[in-house]
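Enquirer: My questions all concern the structure below.
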Amino acid sequence: MPVAGILTYDTALTFRDGHYAWGHAGLGTLLFLVNIVLIWSYTLSCHSCRHIVGGRLKHFSKHPVRYRLWTWVGRLNRRHTQLAWASLISVAVCDLYVYLLATGAFDDPRFF
């Protein structure tokens, strides 16, 4: 979770331009947004998160919010392997994109 938190902060910083003004977005911003959604989906789909949210409850009817969270995490858990591969590929693509930007191969195309 700390890694996902740091990457969320980095994703928020992609909405700044070269002069540190907010409200700008480019191709890198979209890549980072997809990356962080996949990372959080993978993180929240693990067995331990499912247990933390709804484990050790004897009666789900007395805890409807936890039950709803438990079922949501359970649905994500069914796709845990696919989310792992998708997040791994998205991290590699983002790393390559940042490397290419840092080496000056091209500039980040800005949408606004």
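The values are calculated or read from the model by the stated rules, or taken from the named source; none is laboratory data. Note that the coordinates shown come from a computational prediction; the quantities given were computed from them, not determined experimentally. Glycine also receives a Cβ, built like all others from the backbone with ideal geometry; neighbour counts cover every protein chain displayed.
Enquirer: Determine the pairs where a residue that is over 19 Å from Gln82 (Cβ atoms), located within the range 26-39, has a partner that is of a type in the set (Val, Ile, Thr) with Cβ atoms under 6 Å apart, the partner being 6 or more residues away or on another chain.
Expert: Gly28/Thr14; Thr29/Thr14; Phe32/Thr11; Phe32/Thr14
Enquirer: Also: For the range 72-82, enumerate the residues that are surrounded by 15 or more Cβ atoms within 10 Å (Cβ to Cβ) and outside any helix (DSSP H, G or I).
Expert: Within the range 72-82, none qualify.
Enquirer: Continuing with the same structure: I'd like the full set of residues that are touching a His at 6+ places or on another chain (Cβ under 9 Å) and surrounded by 17 or more Cβ atoms within 10 Å (Cβ to Cβ), limited to the range 13-57.
Expert: Thr14, Tyr42, Ser45, Gly54 - these are the residues of the range 13-57 that are touching a His at 6+ places or on another chain (Cβ under 9 Å) and surrounded by 17 or more Cβ atoms within 10 Å (Cβ to Cβ).
Enquirer: A further question on this structure: From the list Leu88, Leu69, Leu96, Leu100, which residue is without any contact (Cβ under 8 Å) to a residue 24 or more places away in the chain and either in contact with a Gly (Cβ under 8 Å, 6 or more places away or on another chain) or not in a helix (DSSP H, G or I) (or both)?
Expert: That would be Leu69, the only listed residue that is without any contact (Cβ under 8 Å) to a residue 24 or more places away in the chain and either in contact with a Gly (Cβ under 8 Å, 6 or more places away or on another chain) or not in a helix (DSSP H, G or I) (or both).
Enquirer: Residues being at pLDDT below 95 and within 23 Å of Trp72 (Cα to Cα): count how many of those fall in the range 8-40.
Expert: Residues in the range 8-40 being at pLDDT below 95 and within 23 Å of Trp72 (Cα to Cα): 0 in total.
Enquirer: Condition first: of a type in the set (S, T, N, Q) and loosely packed, with under 13 Cβ neighbours inside 10 Å. Now tell me which residues in the range 83-112 satisfy that. Step through it out loud before you land on a result.
Expert: First pass over the range 83-112, keeping only residues of a type in the set (S, T, N, Q): 87, 90, 103.
Within the range 83-112, just Thr103 meets the criteria.
Enquirer: Tell me, please, whether a residue that is out of contact with any Gly (no Cβ under 8 Å at 6 or more places or on another chain) and in a helix (DSSP H, G or I) can be found in the range 55-62.
Expert: Within the range 55-62, one or more residues are out of contact with any Gly (no Cβ under 8 Å at 6 or more places or on another chain) and in a helix (DSSP H, G or I).
Enquirer: Test Tyr42 against the stated conditions and say whether it is in a helix (DSSP H, G or I), among the aromatic types (Phe, Trp, Tyr), more than 22 Å from Ile89 (Cα to Cα) and in contact (Cβ under 8 Å) with a residue 12 or more places away in the chain.
Expert: no
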